[in-house]
1. Kindly establish whether A:G68 is closer than 19 Å to A:S221 by Cα, over 24 Å from the mean Cα position of the chain (by Cα) and crowded, with 18+ Cβ neighbours inside 10 Å.
2. Out of the range B:15-41, which residues are under 19 Å from B:K196 (Cβ atoms) and either more than 16 Å from ligand 2 (Cβ to nearest atom) or out of contact with any helix residue (DSSP H, G or I) (no Cβ under 9 Å at 6 or more places or on another chain) (or both)?
3. Please pick out the residue among A:F235, A:F204 that is on the phi > 0 side of the Ramachandran plot and away from ligand 2 (no atom under 16 Å from the Cβ).
4. Pairs only if they're at least six apart or on different chains, beta carbon under 8 angstrom, first in the range B:150-161 and within 12 Å of chain A (Cβ to nearest Cβ), second charged (D, E, K, R) and open to solvent by 30 Å² or more (accessible area, probe 1.4 Å); list them, first residue then second.
5. So which helices (runs of 4 or more DSSP H) stay within the range A:73-129 end to end and still have 2 or more residues that are over 30 Å from A:G7 (Cα atoms) and either out of contact with any Leu (no Cβ under 7 Å at 6 or more places or on another chain) or open to solvent by less than 20 Å² (accessible area, probe 1.4 Å) (or both)?
6. Failed condition for B:G105, given (1) open to solvent by less than 40 Å² (accessible area, probe 1.4 Å); (2) small (G, A, S); (3) within 13 Å of chain A (Cβ to nearest Cβ); (4) more than 11 Å from ligand 1 (Cβ to nearest atom), with all others met?
7. In this structure, is B:D256 buried (at least 16 other Cβ atoms within 10 Å of the Cβ), touching a residue at least 24 places away in the same chain (Cβ under 8 Å), over 23 Å from B:A3 (Cβ atoms) and away from ligand 2 (no atom under 16 Å from the Cβ)?
8. Return the residue satisfying two criteria in turn: it lies in the range B:139-186 and is among the small types (G, A, S) and more than 16 Å from B:D116 (Cβ to Cβ), and of such residues it is farthest from ligand 2 (Cβ to nearest atom).
Amino acid sequence: MREPWAGTGQLLRLALRRDRIRILIWFVAIVGTVAATVPALEVAYPDAAARQARAAILTNPSAVMMTGPAFGLDDYTLGAMVANELSLSLFVTVAVMSVLLTVRHTRSEEEAGRTELLRGLPVGHYAPATAALVHVAGVNLVIGAGTALALLGGGLEVAGSAAMGLATAVTGLVFGAVAAVTTQVTAHARAATGMAMVVLAAAFVARGVGDVIDSQGSWLSWLSPLAWAQQTRLFVDLRWWPLALSLALTVVLLAVSVRLARRRDLGAGLRPERGGRAAANPILLSGQGLALRLLRGTIIGWSVGLVLMAITFGSLANSLEDMLAEVPDLGAWIGMGGGDLIDAFAGAMLSFLVFGVGAFAVGAVLRLKTEEEGGRGEAVLATGASRLGWVANWFAVVVVASIVMLVLSGLGLGLGVQAATGSADAIGRLAVSSLAYLPAVLVMAALALALFGLVPPLAGLAWVLVAWVVFVGWVGALLDLPAGLMGISPVDRTPTVPVEAADPGPLLVLTAIAAVLTIGGLLGIRRRDIRSS
Amino acid sequence: MTAIRTENLVKTFGTTRALDGFDLTVETGQVAGFLGPNGAGKSTTIRVLLGMLRADSGSASVLGMDPFRDAVAVHRRLAYVAGDVSLWPNLTGGEIVDLLTRIHGGTPRRDARRADLLDRFELDPTKKARTYSKGNRQKVALVAALCTDAELYLFDEPTSGLDPLMEAVFTDEVRALRDAGHTVLLSSHILAEVEKLCDTVTIIRSGRAVETGTLGDLRHLTRSSVTATTAADPARLAALPGVHDLVAEDARVRFDVDDAEISGVLAALNEAGVSHLTVAPPSLEELFMRHYGDETVAAGA
Ligand SMILES: Nc1ncnc2c1ncn2[C@@H]1O[C@H](COP(=O)(O)OP(=O)(O)OP(=O)(O)O)[C@@H](O)[C@H]1O
Ligand SMILES: [Mg+2]
């Protein structure tokens with residue numbers, strides 16, 4: 001192949017032109033959060049004593065899962081606090097962003113046929129993917145630099161701020177490179193995103209479990225690119241070299257990606273498409289059949305992922321007991337006895353798994369928009385299906401799948417806890433408890449439905465609620481956000497079962513909100529134009 | 001000089017043999033028509049010629065170069081329009097035309113040519129691509145391709161979304177390209193378009209070239225349609241060598257006859273007495289029906 005990179009510069013310009021708003025939003029959201037967090041932490045934890053008290057409760061497994069390897073807990077400075085409690089969410093966010101941007105500019109374009117338009121021009125074989133990666137790298141560098149400046153602005157020291165900025169950028173880059181590989185493997189953008197997200201989830205779990213095994217990072221942590229960024233021991237005892245691992249992995253992944261891309265046809269994945277049935281089976285033709293079929297892969301993927309995560313989290317309960325044995329004061333200190341502590345841990349993990357169920361539900365409802373804009377909604381409706389039936393059946397499938405996923409999460413968590421602690425009733429109790437989160441999930445799904453029905457161009461804003469739910473769940477307490485703001489999150493409104501009783505009050509309110517939103521969405525779809533391109 | 005040559009090209013997708021020993025030659029300066037039923041392998045061929053697909057075996061050369069290895073160099077000298085054009089939803093048509101022409105290697109042409117094409121194709125360049133109809137998306141790609149000054153133009157069903165007026169504009173443009181000495185490969189399902197524009201025609205079926213040559217050659221190879229009012233016994237006529245598909249109504253008979261056997265048939269008619277006779281060359285339509293139709297038979301067998 002000659003001139004395989006011809007035209008990369010032009011494609012890069014095109015990517016920037018297409019993404020200018022998108023980049024701005026990511027930048028403001030990420031850098032803005034960092035810039036706001038540092039002063040908020042200073043207010044919430046004004047002195048060393050307050051921070052030290054905070055540090056004392058950060059060693060239990062549920063906290064370790066959501067934070068980082070515990071460096072500097074004995075002298076918990078503001079910097080150490082930022083590194084420990086903010087950096088993981090920051091790294092995960094840029095990783096998600098990088099996966100989405102990479103897929104958007106590679107496989108999505110290819111699947112839509114626009115890459116064919118470009119490759120008919122003097123544009124080299126590798127140019128589209130290279131432009132996408134340079135673009136993603138650029139965005140990560142800008143966000144990394146912004147992060148570093150925001151930290152500096154918050155009064156943190158220079159080297160640590162720079163290192164955290166660089167760690168942010170490099171972590172984003174690694175996951176961009178992961179997506180560069182997954183986009184070569186499958187011909188479908190959605191599948192490529194899913195595969196990269198599975199890698200991210202695995203990295204998350206490996207880092208979390210690894211750090212539970214050894215609070216400063218065990219061998220398992222070191223398998224995770226998320227851990228490398230954290231292992232720089234930001235603001236505590238800074239070392240830069242773990243970032244070299246990230247860069248090395250990026251190079252390796254890009255080499256793999258090039259290797260896979262070298263011989264493959266435009267538009268193809270690694271394996272040729274298989275054939276399927278010649279005629280529809282009866283399930284496909286039933287009211288919910290089409291929705292079920294179209295969402296099948298997504299449902300299976302999320303379910304398997306959630307169950308695996310749940311079992312992993314559950315099995316960590318063991319180390320909690322060990323820890324209690326070692327530090328008997330700990331349980332008393334945070335006001336809970338031994339048995340309750342396990343429940344508290346399980347409750348925290350459950351609320352965390354609910355993020356996944358909520359994200360599934362919102363994504364699955366918003367697929368309706370993709371269906372509509374792809375003209376397929378129109379095709380279904382033209383056959384005489386009512387709009388209400390089309391949307392209601394779809395929504396019903398999402399709701400049932402969400403229930404199944406909640407129960408599966410509870411079962412998995414219970415299984416892990418039971419295996420780890422020998423507690424006899426964990427499985428049943430957690431499976432039932434998980435249903436307390438159903439109203440919260442319904443609110444998220446119903447918001448997506450309402451936006452889709454009433455203001456379809458803005459339907460994507462349903463993700464803002466999901467992001468807020470995750471944000472509140474993750475750093476809300478840390479930042480000591482006002483209860484009003486936290487309460488926007490329906491998950492935050494839900495009692496933390498099984499520690500707290502499943503008080504029906506808030507659950508009924510959430511259910512009512514979900515019902516109103518659902519009705520609004522269904523009425524909306526009956527009146528508005530069907531859009532297609 | 002040969003602009004495009006493929007020999008024994010084979011391309012498989014899993015178990016599907018999309019191209020199965022396909023040969024194609026297009027001489028420089030020719031307008032070559034490329035016809036075949038759905039799924040015959042036209043788009044696959046064109047995408048191999050563009051280096052987007054890599055053939056399993058056989059050879060292909062475009063403008064004297066290897067279309068896969070030298071794709072970029074080849075593309076500097078050709079322009080391509082696909083039948084199903086997908087554009088960036090939030091760029092305008094005008095922006096996309098400029099973008100595509102710039103990547104092709106010129107500064108965007110804000111000159112008379114661009115304006116003229118936009119005008120003739122009645123395309124509003126200020127609209128966002130998301131709001132274009134299928135035909136208008138097609139026009140954006142056509143304007144961009146026609147704006148560039150290429151040696152070779154590859155069109156894969158370029159008029160599939162165009163109305164008849166726009167199709168006429170396209171026909172004019174291709175004529176102008178031909179008069180200026182450019183080479184064109186045009187795949188199409190619109191026979192009239194091919195008949196109007198093309199010097200040579202290649203018919204592909206199940207990944208093989210089943211017929212190739214000038215329109216005259218193709219007609220020559222085949223049968224003529226005969227309608228006659230005659231006293232001759234239809235059964236005797238039907239038994240003559242080279243006569244096919246005979247239909248008799250009262251004294252009128254209609255049948256096809258192999259061109260090679262036509263004089264024997266005329267003699268037989270003459271002998272029996274004829275009061276009315278037309279002998280027509282097959283229309284392109286009939287020609288293609290025959291080639292396309294055989295596939296249905298073959299596939300059904
Ligand atoms: N990516 C692919 N994977 C599997 N099979 C493919 C792929 N692309 C094409 N084919 C198959 O190759 C054969 C040729 O397809 P091609 O698109 O070249 O047909 P075509 O002549 O352009 O048809 P049409 O007139 O409908 O455009 C078909 O049987 C098609 O199903
Ligand atoms: Mg085709």
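1. no
2. B:V26, B:G29, B:Q30, B:V31, B:A32, listed by residue number.
3. Going through A:F235, A:F204 in turn, the sole match is A:F235.
4. Correct list of pairs: B:A150/B:R77; B:L152/B:R77.
5. A:78-85, A:87-105
6. (1)
7. In short, yes.
8. The selected residue is B:G181.
The values are calculated or read from the model by the stated rules, or taken from the named source; none is laboratory data. Small disclaimer: the values here were computed from a predicted structure and weren't measured. Cβ coordinates were reconstructed from backbone atoms using ideal geometry, including for glycine residues, and neighbour counts include every protein chain displayed. Side chains are part of the model used for accessible areas, which takes the heavy atoms of the whole protein and leaves out ligands, DNA and RNA. Shrake-Rupley method; radii C 1.70, N 1.55, O 1.52, S 1.80 Å.
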